[in-house]
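Input: a single structure, listed below in structure tokens.
The values are calculated or read from the model by the stated rules, or taken from the named source; none is laboratory data. Since the structure is predicted, the reported quantities are computational estimates derived from the model, not experimental observations. Counting neighbours? That spans all protein chains shown, and the Cβs are built from the backbone with ideal geometry, glycine included. Accessible surface is based on the protein model in full, side chains and every heavy atom, while ligands, DNA and RNA are left aside. Shrake-Rupley method; radii C 1.70, N 1.55, O 1.52, S 1.80 Å.
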Amino acid sequence: MNGYDERFLTRNGLAARQLALLLLEYEPETRLPRVRDFAEELGCGNGTVQAALRLLEEAGAIETAARGHLGTFLIRSDRSILWRLSGLGTLLAAMPLPYSRRYEGLATGLRAAFDDAGTPFAITFMRGAGSRATALLEGKADLVVLSRFAADRLIEEYPEDLSLVVDLGPTTYVGAHGVLLREGGSLDAPDLRVAVDHASEDQRMLAERAFADRDDVEWIECSYMQLPDLLAQNRADATVWNLDEVQGRIDAGIDVLPLGDEITRDLSLRNSSAAVIGRAESVAALHAIRDAIDPERVTKLQSAVVRGERMPSY
């Protein structure tokens, strides 16, 4: 269906649009619920549901087949038409600023996965997991990308409002974190000055855990991308940073050290996984979004960008 179709402005058409959202959950060759079950869920009559199904078939959105006592099966569906009819519109995903190849690869993979699924998709870039979470909660974004650790904390805080869509696995968000130490500095020095960006939930948490055994730390607030600059300018002694960004972005005299204890390393591993979360208000929409994201497709394209085998495209 392209453009304006007055049939979908009628009562049957409204039911068809509501039904399109529900049908996004079903794969081809799966049995559909009974007409009366759909009618109960939509709050309409059986005849309205039957008319809505006919409209969707005529629009090319679905093809069904009745198989006697086995019920009615979905033979084929065009997800792009179902998505458009459902009224979900273009999904807006808020992602971290694309300052590393890994983030560029992640954006490239997500774009391709949604394009393959025929789902309208757009990306906005925002610094800080807190800012992205606020945009999601306020309805300014439909999805946000952040570390699995930050996602778990948010869902725990807002269990009725937010839901995990997909976890893309280790090293999809960052490769690893490490401690940066300024030239001539020592982690054993008293009154250690540690640079931190409180707008970055991951960086703040890792820095606090990395230096949890110290009660003499002086926390130096700084924007994330300026953290190494404070070390080079001798305005801070140490920080925790994403090692994807180390090469070519820090002075030669700055030492890069592994994170300390097992707990910190475990947290760093969880921080390395990219998670996509969305609002939990529409179960059907979340199911449709989950179906639209092929994690293998995303990670393959991301890896190709990280290795330099593919140009970023998002």
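Note on exposure: H198, H69 ranked by accessible area (1.4 Å probe, complete protein assembly) read H69, H198, with the most exposed listed first. Could you please report the charge total around A304, scoring K, R as +1 and D, E as -1 over all other residues with beta-carbon less than 14 angstrom from its beta-carbon? Summing Lys/Arg as +1 and Asp/Glu as -1 gives +4. Using C-alpha pairs below 8 Å separated by at least 6 residues, the relative contact order for the chain is 23 percent. Among rounded, prolate and oblate, which fits the range 37-88 when a ≥ b ≥ c are the square roots of the eigenvalues of its C-alpha gyration tensor, a/c under 1.5 means rounded, and a/b larger than b/c means prolate? Oblate.
Which of D191, D202, D291 moves most in a GNM of the chain, Cα contacts under 10 Å? Residue with maximal mean-square fluctuation among D191, D202, D291: D191. So for the range 180-314: antiparallel DSSP bridges make up what percent, rounded to the nearest 5? Bridges in the range 180-314 that DSSP calls antiparallel: roughly 45 percent.
Computed over the Cα atoms of the chain, pair by distinct pair, the Kirkwood hydrodynamic radius stands at 21.9 angstrom.
I want the local charge near P33. Using Cβ-Cβ distances under 10 Å, sum +1 for each Lys or Arg and -1 for each Asp or Glu among the other residues. Taking every other residue near P33 into account, the sum is 0. With a 1.4 Å probe rolled over the protein heavy atoms of all chains, the accessible area of E156, E57 falls in the order E156, E57, largest first. Computed over the Cα atoms of the range 170-259, pair by distinct pair, the Kirkwood hydrodynamic radius stands at 12.9 angstrom.
Extent of the range 121-226 along its three principal axes (Cα atoms, max minus min coordinate, largest first): 48, 24, 24 Å. Per residue, the chain exposes 47 Å² of accessible surface when a 1.4 Å probe is rolled over the protein heavy atoms with every protein chain present. The Cβ shell under 9 Å around G71 holds other residues with a net charge of +3, Lys and Arg each +1, Asp and Glu each -1.
Tell me the mean residue ellipticity at 222 nm calculated for the chain from its helices only (DSSP H runs of n ≥ 4, each -39500 (n - 2.57), averaged over every residue, nearest 500). Here the helix-only value at 222 nm equals -12000 deg cm²/dmol. Counting only protein heavy atoms and a probe of 1.4 Å, the accessible surface of the chain is 47% carbon and sulfur.
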